[in-house]
1. Mind jotting down the distance between the C-alpha centroids of the range 25-93 and the range 1-20, whole Å?
2. Using a 10 Å cut-off on Cβ atoms, rank the peptides 68-78, 32-42 from the highest mean neighbour count down.
3. Among 29, 79, 8, which residue has its Cα positioned farthest towards the positive end of the charge dipole of the range 2-92, with +1 placed on the Cβ of Lys and Arg, -1 on the Cβ of Asp and Glu, and the dipole taken about the Cα centre?
4. Are there any helices in the chain, counted as whole DSSP H runs, that stretch 15 Å or more along their axis by Cα and score at least -1.0 on average by Kyte-Doolittle, and if so which?
5. When the helices in the chain are scored as -39500 (n - 2.57) per DSSP H run of 4 or longer and the sum is shared across all residues, what 222 nm value do you end up with, to the nearest 500 deg cm²/dmol?
6. Using the Karplus curve 6.51 cos²θ - 1.76 cosθ + 1.60 with θ = phi - 60°, work out ³J(HN,Hα) for each residue of the range 71-78 in order, rounded to whole Hz, and write x for Gly and Pro.
7. In debye to the nearest 20, how big a dipole does the chain give about its Cα centre with +1 on each Lys and Arg Cβ and -1 on each Asp and Glu Cβ?
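Just so you know, all these numbers are worked out from the coordinates, no wet-lab data involved. Treat the numbers as computed from the prediction; the structure is a model and nothing was measured. In this analysis, Cβ positions are derived from the backbone assuming ideal geometry, glycine residues included, and neighbour counts consider all displayed protein chains.
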Amino acid sequence: MAAYAYHAAVLGYHDETVNRFFYKALFAVGMDWGQKELLPIVLEVGEVNLRCMELLDKANTETYGTPSPTEVTLTVEKGPFIVISEHDLYDLK
């Protein structure tokens with residue numbers, strides 16, 4: 001989730017809810033809490049991660065346009081090579 005937030009931030013998109021959750025979660029990891037205290041935070045990870053993915057999608061779409069399927073070759077060639085995911089669009093630019 002931090003990587004998704006970082007990629008969005010590189011494009012100038014931020015979400016205070018996501019940022020605040022990072023502090024909350026990192027604080028919780030440092031505590032000696034049990035399941036009762038940690039479970040609500042773990043469940044919140046899913047909610048905040050969805051919001052973070054929406055932020056990254058908005059950042060990428062508004063910056064680079066709506067993605068469309070593209071045919072690629074499936075031929076395996078001798079390396080070296082670099083694997084690029086949709087999260088690395090700024091790096092490709």
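1. Going from one Cα centre to the other spans 10 Å.
2. By packing density, highest mean first, the sequence is 32-42, 68-78.
3. Positive-end residue among those listed: 29.
4. Working: long enough: 16-29 (20 Å, 0.49); 35-64 (43 Å, -0.08).
Those that clear 15 Å and a mean of -1.0 are 16-29, 35-64.
5. Details: 4 runs with 57 residues, N = 93.
One gets -20000 deg cm²/dmol as the mean residue ellipticity at 222 nm.
6. 6, 10, 6, 9, 5, 7, 10, 5
7. Details: 7 positive and 14 negative charges, 32 e Å.
It comes to approximately 160 debye.
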